[in-house]
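Data first, discussion second: the structure below is written as structure tokens.
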Amino acid sequence: MSRGAFRSLFVLLGIAAACVLSARTSVWKVTDGGRTLYLGGTVHVLRAADFPLPREFDEAFAASSRVCFETDIERAMSFEMQRVLAEHGMYKDGTTIDKVLGPDAWAAVEAYCRKNDLPAAYLKPMKPWLLSFTLLAHALQKLDCAPDGVDSHFQKKAKAAGKQLGMLETFEQQVEFLVRMGAGHESELVLSTLEDLEGLPAMFDKMISAWRAGNEKQLAAILNDELRKEHPAIYETLMVSRNKAWLPVIEQWLRTPETEFVLVGAGHLCGDDGLLRALRDRGYAVEQIDAGSN
């Protein structure tokens, strides 16, 4: 297992970033007769420099009476989230991760911790997926990323504006996807995460550029293609199965008289298994929003 495991964490985090200058960005308008729904590709963590968001996002928000997210954003950011993560991501029987991982993997974790001033002992009760997630979160903090990303931004705006809220899955379901990731390949998951953390700044910027342009092909190549080729089971769990579960919900929203703005990680929109392709295949009109043409 190599870079695909690390990319799967990015898929869950929906990593991409905002753009102000691009005429197009990651917002699409879906229509069925006279009914409309907007789809926005998101990032859950952003840097201060990534604001303000592209105006296409604000225009879709203004045109919508209901704003829908992957999950309950407030709950995902709450103290309860920490409890759920601990319940599923920490050993409860005295097991420690240094006894689960191979010696090379744990030695690499210790070396990374020494280099980055992290207490390795703090990580020992964590299961491999939570360890990988924690290391990624720490590395993103070093890039000045904060959890107030696109989703959180619009959740707050929607609540303040009194708009209806919707979600595609529960927070517990999202955690379950993480739990299943890398099962049976724990050392490989951790080693690949550590390897790719070294190139995180460049990788992050590359994803930002693709998202700025709303380039479906580039986003699919960055977020999906390698994961699909190297680790089809993980790709099926994180991407294909979730997109299939979300599609009928999105179609149901399209049948309502309200206009929805559905915000999901950019990787879920693009590629052969993405929601944009699925909606086009089902006969819906899908148009990328271009505020510059207004």
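Its Cα gyration tensor gives the chain an equivalent ellipsoid. The semi-axes, each the square root of 5 times an eigenvalue, are 34, 19, 18 Å from largest down.
Once the Kirkwood radius over Cα pairs is known for the stretch 30-156, the Stokes-Einstein relation at 4 °C and 1.567 mPa s delivers a diffusion coefficient of 74 µm²/s. What's the local net charge at residue 100, with K and R +1, D and E -1, over the other residues with C-beta under 14 Å away? Local charge sum for residue 100: -1. Using only the Cα atoms of the stretch 164-215, build the gyration tensor, take square roots of its eigenvalues as a ≥ b ≥ c, and label the shape rounded, prolate or oblate: rounded if a/c is under 1.5, else prolate if a/b is larger than b/c, else oblate. It is oblate, given that a/c is not under 1.5 and a/b is not larger than b/c. Of the trypsin sites (Lys or Arg not before Pro) in the stretch 212-259, the ones in a loop by DSSP (not H, G, I, E or B) with at most 12 other beta carbons within 10 Å are 255. Need the list of lysines near residue 159 for cross-linking: C-alpha distance under 27 angstrom, and skip anything on the same chain fewer than eight residues off. Once the sequence-local lysines are set aside, what remains near residue 159 is 29.
Among 24, 282, 47, whose mean-square fluctuation peaks in a Gaussian network model of the chain (Cα, cutoff 10 Å)? Of 24, 282, 47, the Gaussian network model singles out 282 as fluctuating most.
Values quoted throughout were computed directly from the atomic coordinates according to the rules given, and no laboratory measurement underlies them. Keep in mind that what you see is a predicted model, and the values were worked out from it rather than measured. All Cβ positions, glycine included, derive from the backbone under ideal geometry; neighbour counts span all protein chains shown.
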